[in-house]
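**Student:** My questions will all concern the structure given below.
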Amino acid sequence: MNGATWPRAILFDLDGTLIDSAPDIHAAVDELLVANGFAPLPFGRVKAMIGHGTRKLVERAFAAVGVTLDEAGLDARYEQMMPIYNRHVIDLTRLLPGVEDTLGG
C-alpha cells in the first residue's frame with residue numbers, strides 16, 4: 001500500500017493526559033438520566049464517577065440517583081448510553097493546555 005493512505009499518527013488518550021472529555025461525558029450522562037426520568041447531576045459529581053469504562057459510569061450514575069441496576073437493567077442503560085455519547089463525543093471536548101504545542105500541531 002501507498003504510505004500516503006496511512007494515517008501519520010494515531011493517538012490514544014486513555015487517562016485524560018491529552019484531552020479534557022469530562023464535559024462531553026457529563027452531558028451524555030445527563031441526557032441519559034433525563035431520558036430515564038431523572039434530574040441531571042452536577043458536573044463535579046459526574047467527573048468523580050469517570051474511570052473503569054462507560055458501563056461502570058452508567059452504573060454509578062444511576063446509583064447516584066438512587067437506582068441499583070440489575071444486569072439486564074445495566075445492559076439496557078449501557079446500550080442506551082453509547083449512541084448518546086457517540087453523538088456528542090467531541091462537542092465540548094478540548095485539548096488540555098500545552099498539548100497542541102507539545103505534539104507539534
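**Student:** For percent of Cα pairs over 19 Å apart, which listed value, (i) 39; (ii) 60; (iii) 49, comes from the coordinates shown?
**Tutor:** It is the one labelled (iii).
**Student:** Run lengths n ≥ 4 of DSSP H only: what is the helix-derived mean residue ellipticity at 222 nm for the chain, with -39500 (n - 2.57) per run over all residues, to the nearest 500?
**Tutor:** It comes out at -15500 deg cm²/dmol, rounded to the nearest 500.
**Student:** Still on this structure: Rounded to the nearest 20 debye, what is the charge dipole size of the chain about its Cα centre when +1 sits on each Lys and Arg Cβ and -1 on each Asp and Glu Cβ? Could you put the intermediate results ahead of the total?
**Tutor:** Working: 9 positive and 14 negative charges, 12 e Å.
It comes to approximately 60 debye.
**Student:** Could you state the angle between the C-alpha long axis of helix 53-64 and the longest principal axis of the C-alpha atoms of the chain, as a value from 0 to 90 degrees rounded to the nearest 10?
**Tutor:** With both axes taken from Cα atoms, the answer is about 30 degrees.
**Student:** With r defined as the distance between the Cβ atoms of residue 45 and residue 87 and R0 fixed at 25 Å, what FRET efficiency is calculated, to the nearest 0.05?
**Tutor:** Working: r = 22 Å, r/R0 = 0.89.
The computed FRET efficiency comes out at 0.65.
**Student:** Another one. Find the relative contact order for the chain and round it to a whole percent, using C-alpha pairs within less than 8 Å whose residues are 6+ positions apart.
**Tutor:** Details: 80 pairs, mean separation 40.4, N = 105.
About 38 percent, as a whole number.
**Student:** Right, next: Skipping prolines and chain starts, which residues have an amide H placed within reach, meaning under 5 Å, of the one on residue 19, given they are 5 or more residues away or on another chain?
**Tutor:** Hits under the 5 Å cutoff: 96.
**Student:** Just to confirm a number: summing +1 for Lys and Arg and -1 for Asp and Glu over residues other than residue 29 whose beta-carbon lies under 13 angstrom from that of residue 29, what do you get?
**Tutor:** Details: positive: 45, 47, 55, 56, 60, 77; negative: 24, 30, 31, 59.
That works out to +2.
**Student:** Using a probe radius of 1.4 Å on heavy atoms only, what accessible surface per residue do you get for segment 26-105? Whole Å² is fine.
**Tutor:** Ligands and nucleic acids excluded, the result is 61 Å² per residue.
The values are calculated or read from the model by the stated rules, or taken from the named source; none is laboratory data. Bear in mind the structure is a predicted one, so any value in this text is a computation, not a measurement. Here Cβ is always computed from backbone atoms with ideal geometry, including for glycine, and neighbour counts include all displayed protein chains. SASA here: full protein model, heavy atoms, side chains in, ligands and nucleic acids out. Shrake-Rupley method; radii C 1.70, N 1.55, O 1.52, S 1.80 Å.
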